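As structure tokens, the structure follows; a few thoughts come after it.
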Amino acid sequence: MKRVITYGTFDLLHYGHINLLRRAKALGDYLVVALSTDEFNWNMKQKKCYFSYEQRKELLEAIRYVDLVIPEENWEQKVTDVKEYHIDTFVIGDDWAGKFDFLKEQGVEVVYLPRTPEISTTQIKNDLNRM
Ligand code: C2G
């Protein structure tokens, strides 16, 4: 059983997120999503989410590619998460290319996938404001 993990905020869930999750799951048999908590988003990513952690978690758990959702509370937990969840592969969009290569030292394969170019939560918010 090949176990994959990815991390993110996943606010205003859109097809760019789904494209990422589908490709992440295709790299293994079990996909863990570490979902940024409201506190982590605000304190460390200066992101104010539209949906709360619980609402974003419920949405992710409804996606066929997702097997487990855990909280992402800090930048450092990746090193322990990959051990605790017996992860083989870490996956994230290529906007993060190179940022998590240190996980290779834990024996984890690190994969940066091309983002879906034309969509983002920010874009959705901007477009809605112009309607
Ligand atoms: N993504 C994508 N295409 C988009 C938008 C997002 O492939 N058009 C991917 C991102 O690259 C990321 C995932 O979807 O892999 C979740 O995106 P965000 O919620 O924006 O995640 P981010 O805020 O980058 O959080 O510790 C890592 C961070 O928690 C990542």
Dividing the surface of the Cα convex hull of the chain by four yields a projected area in nm² of 7.8
Candidate lysines - alpha carbon under 16 Å from Lys47, same-chain residues fewer than 8 apart omitted:
Lys125
What number, rounded to the nearest 500 deg cm²/dmol, is the helix-based mean residue ellipticity at 222 nm of the chain, given -39500 (n - 2.57) per DSSP H run of at least four residues and division by all its residues?
-9500 deg cm²/dmol
Thr116 to Tyr85: FRET efficiency via 1/(1 + (r/R0)^6), r the Cβ-Cβ distance, R0 25 Å, to the nearest 0.05?
0.45
5 angstrom amide H check on Arg3, placed H, neighbours 5+ away
Asp29, Asp88, Thr89
Once amide hydrogens are built 1.01 Å from N within the peptide plane, the residues lying 5 or more places from Val110 or on another chain with amide H under 5 Å from its amide H are Phe90
Ranked highest first by the average count of other Cβ atoms within 10 Å around their residues, in what order do 23-36, 74-87 fall?
23-36, 74-87
Return Leu113, Leu20 ranked ascending by Cβ neighbour count within 10 Å, so the fewest neighbours appear first.
Leu113, Leu20
In whole Hz, what ³J(HN,Hα) sequence does the range 65-75 give by Karplus (6.51, -1.76, 1.60; θ = phi - 60°), x for Gly and Pro?
7, 9, 9, 8, 10, 10, x, 9, 10, 7, 6
Report the paramagnetic label zone for Lys125: residues of the range 33-66 whose backbone N is under 16 Å from a point 7 Å from Cα along the Cα-to-Cβ axis.
36-53, 56
Neighbour-count order for Arg56, Arg115, fewest beta carbons within 10 angstrom listed first
Arg115, Arg56
Over 18 Å between C-alpha atoms is what I'm after, so list which of Lys78/Lys99; Lys2/Lys57; Lys57/Lys99; Lys2/Lys99; Lys2/Lys25; Lys48/Lys78 land there.
Lys2/Lys57; Lys57/Lys99; Lys2/Lys99; Lys48/Lys78
With 10 Å bins from 0: P(r) over the range 43-90, alpha-carbon pairs, percent:
20, 45, 34, 1
Starting from the Cα of Lys83, draw a straight line to each of the aspartates and glutamates and keep only those under 16 Å, dropping any in the same chain fewer than 8 residues away.
Glu72, Asp101, Glu105, Glu109
Whole-Hz ³J(HN,Hα) for each residue in the range 97-109, computed from phi via Karplus 6.51 cos²θ - 1.76 cosθ + 1.60 with θ = phi - 60°, x for glycine and proline: what do you get?
3, x, 6, 10, 4, 4, 5, 4, 5, 8, x, 9, 6
In 5 Å bins starting at 0, how do the alpha-carbon pair distances of the range 55-131 split up by percent?
3, 12, 17, 20, 23, 14, 7, 3, 2, 0
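Throughout, read-outs are computed from the coordinates displayed, never taken from laboratory work. Quantities reported herein were computed from a predicted structural model and do not represent experimental measurements. All Cβ positions, glycine included, derive from the backbone under ideal geometry; neighbour counts span all protein chains shown.
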